[in-house]
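Everything below concerns the one structure shown next.
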């Protein structure tokens, strides 16, 4: 194969660093609703505003028809999976100030949403068996009804 000229600075190219655990300003750059084996998620591509850290993804599960099957398989009380997914989605909406009503929210409000969020590091196993590290947002608990937001 012939030589490929990659331009000046190619030898100095480095990986973008992973953020250390802490609080950061996060922007949802874009999102997509994914469906894998009948389980839907909102997949959000997140970036650190004003920081040169590696972008990362956050997934929020959407309640669906397989939730009752999951409860049965895992021996949970019926409705447990759906309630947990609803809670995580509400925490996500609350953190990113995405308006919601008693029965849902408009996904058009996701892209461009911003939050000051606690970020942690997670380890994961790659397909080749090696270990990697990525960032993840921590969804805070909702304030109690009597608490101020």
* In the stretch 88-109, which residue that is assigned to a helix (DSSP H, G or I) and in contact with a helix residue (DSSP H, G or I) (Cβ under 9 Å, 6 or more places away or on another chain) is surrounded by the most Cβ atoms within 10 Å (Cβ to Cβ)? -> 93
* Structure fact -> Exactly one of 29, 74, 39 is at pLDDT below 95 and touching a strand residue (DSSP E or B) at 6+ places or on another chain (Cβ under 8 Å), and that one is 39
* Asked: Considering 52, 25, which residue is under 25 Å from residue 132 (Cα atoms), assigned to a loop (DSSP other than H, G, I, E, B) and within 19 Å of the chain's Cα centre (by Cα)?
  -> 52
* Asked: Can you tell me which residue in the stretch 55-65 is nearest to residue 24 (Cα to Cα), limited to those that are assigned to a loop (DSSP other than H, G, I, E, B) and either without any contact (Cβ under 8 Å) to a residue 12 or more places away in the chain or in contact with a strand residue (DSSP E or B) (Cβ under 6 Å, 6 or more places away or on another chain) (or both)?
  -> 55
* Asked: Looking at residue 78, is it assigned to a loop (DSSP other than H, G, I, E, B), in contact (Cβ under 8 Å) with a residue 12 or more places away in the chain and more than 19 Å from residue 24 (Cβ to Cβ)?
  -> no
* **Residue that is nearest to the chain's Cα centre (by Cα), among those in the stretch 1-16 that are closer than 30 Å to residue 135 by Cα and in a loop (DSSP other than H, G, I, E, B)** => 16
* Among the numbered conditions (1) touching a strand residue (DSSP E or B) at 6+ places or on another chain (Cβ under 7 Å); (2) exposed (fewer than 14 other Cβ atoms within 10 Å of the Cβ); (3) at negative phi, tell me where residue 112 comes up short. => (3)
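The values are calculated or read from the model by the stated rules, or taken from the named source; none is laboratory data. Everything numeric in this text was worked out from a predicted model, so none of it was measured. Note that each Cβ is placed from the backbone with ideal geometry, even for glycine, and that neighbours are counted across all protein chains shown.
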